[in-house]
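The values are calculated or read from the model by the stated rules, or taken from the named source; none is laboratory data. Bear in mind that the values here come from a model prediction, so they are computed numbers and not experimental data. Glycine also receives a Cβ, built like all others from the backbone with ideal geometry; neighbour counts cover every protein chain displayed. Note: accessible area is taken over every heavy atom of the protein model, side chains too, but ligands, DNA and RNA are not part of it. Shrake-Rupley method; radii C 1.70, N 1.55, O 1.52, S 1.80 Å.
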Amino acid sequence: MIGLAGIENMHLGEFVPPLGATLLYLLLYRRRLHSLAAQGRRVPAWRRGCFWAGALALTVVQLPPLDGLADGLLVAHMLQHIVIGDVASLLIVLGLTGPVLAPLLRMRYSRLLRWLSHPLVAVTLWALDLYAWHLPVLYQLAIRHDLVHALEHACMLWFGALLWLAVIGPLPKPAWFRGWGEVGYLILVRFLGAVLANALIWGQSVFYPVYRSPDAARGLSPLSDQNLAGGVMMIEQILLTTAFLVWLFARLMRRDEQRQSLLDISARRGVPLAAERAERAAAAGPMAADRLRERLLREAHLEPENKP
């Protein structure tokens, strides 16, 4: 049997709350999927897969052995933050659609979510959260107290999700943000992260004394552990930023092609179409652009019959 000391060493207060919250997310998501499927509005399989993968990643990194390793190695703790704040949050947001969020958006306080996911608000809150939790006093408090550690991880997930909602979420976005505004937003996010990563890489003093004891078994001194954590953070940012920028540029090119295609059909068939409407349809995605294209062709087909 596991004694009281063994139970305490398991850090139940650290991973039981996030596991309970993750289970609740999964139950609510599954219930909404069934409700939409009954209405004939099934969520695409790849989106469902992204949500499940995000929840799985969120769970795995908060369980032993990685969770216990994060209490003794800064680089392991950094990996936790990367998975929770960047990867899991991104995958979870990819699993969300307008219909999935519809019940939430009908609630009384849904305007708060719309405001929080505004790009300027989301990036500000994300940056404040990132730097606040990496202050020595809060970072070490999280290592020493399980419930604080659980709160730290919850904040990483929530503010990371807001960050991605502002870019790829189904909520309305400002007109100025479409296109190059999204690219600038992503570059700003990675610049803010790079400042912290460089501080860890090039710092010549140990920022978090809680990690001061050398890990002889792994050949890491506290300073090299800190430098390595910054390097892992920097590499992850470079890879994720590169992949996301490629995706954004591809989407911008596809959006411009769809917008121009709609305008070309309008000009050839003599059906009026405002450039702003074509832009909105292209920005809404292929399905919206296809619906408008079909409508233009239908109106062009009916136009001669309506002429005197």
Requested in this report: Would you be able to say whether some residue in region 97-104 is within 14 Å of the chain's Cα centre (by Cα), surrounded by 15 or more Cβ atoms within 10 Å (Cβ to Cβ) and over 21 Å from ALA76 (Cα atoms)?
Outcome: yes
Query raised in the report: Can you name the condition, by its number, that ARG32 falls short on among (1) modelled with pLDDT of 90 or more; (2) surrounded by fewer than 16 Cβ atoms within 10 Å (Cβ to Cβ); (3) part of a helix (DSSP H, G or I)?
Result: (2)
**Report entry** Pairs with Cβ under 9 Å, 6+ apart, first in region 258-275 and within 12 Å of LEU292 (Cα to Cα) and modelled with pLDDT under 75, second surrounded by fewer than 17 Cβ atoms within 10 Å (Cβ to Cβ) and of a type outside the set (A, V, I, L, M)
**Finding:** VAL271/ARG295; VAL271/GLU299; VAL271/GLU303
Requested in this report: Tell me which residues, restricted to region 148-157, are over 9 Å from the mean Cα position of the chain (by Cα) and either without any contact (Cβ under 8 Å) to a residue 24 or more places away in the chain or surrounded by 16 or more Cβ atoms within 10 Å (Cβ to Cβ) (or both).
Outcome: VAL148, HIS149, ALA150, LEU151, GLU152, HIS153, CYS155, MET156
Query raised in the report: Taking VAL100, is it out of contact with any Pro (no Cβ under 9 Å at 6 or more places or on another chain) and part of a helix (DSSP H, G or I)?
Result: no
Query raised in the report: Mind checking which residues of region 15-46 are among the aromatic types (Phe, Trp, Tyr) and more than 13 Å from ALA154 (Cβ to Cβ)?
Result: TYR29, TRP46
Query raised in the report: Among the residues of region 164-187, is there at least one that is under 20 Å from MET78 (Cβ atoms), surrounded by 16 or more Cβ atoms within 10 Å (Cβ to Cβ) and over 18 Å from the mean Cα position of the chain (by Cα)?
Result: no
Query - Pick from region 197-214, criterion surrounded by fewer than 16 Cβ atoms within 10 Å (Cβ to Cβ) and not polar (S, T, N, Q), ranking: modelled with the lowest pLDDT - result: PRO214
Query raised in the report: ALA127: open to solvent by less than 40 Å² (accessible area, probe 1.4 Å), touching a residue at least 40 places away in the same chain (Cβ under 8 Å) and closer than 30 Å to PHE249 by Cβ, yes or no?
Result: yes
Query - Selection status of ARG42, at pLDDT 90 or above, surrounded by fewer than 19 Cβ atoms within 10 Å (Cβ to Cβ) and not in a helix (DSSP H, G or I) - result: yes
Query raised in the report: Any residue at all in region 108-122 that is out of contact with any Ser or Thr (no Cβ under 6 Å at 6 or more places or on another chain), part of a loop (DSSP other than H, G, I, E, B) and touching a residue at least 60 places away in the same chain (Cβ under 8 Å)?
Result: no
Report task. Residue by residue through region 45-60, note down the ones that are closer than 18 Å to VAL16 by Cα and open to solvent by less than 30 Å² (accessible area, probe 1.4 Å). Result -> GLY54, ALA55, ALA57, LEU58
Report task. Starting from residues that are open to solvent by less than 30 Å² (accessible area, probe 1.4 Å) and not β-branched (Val, Ile, Thr), keep the ones in region 237-257 and report whichever is modelled with the highest pLDDT. Result -> GLN237
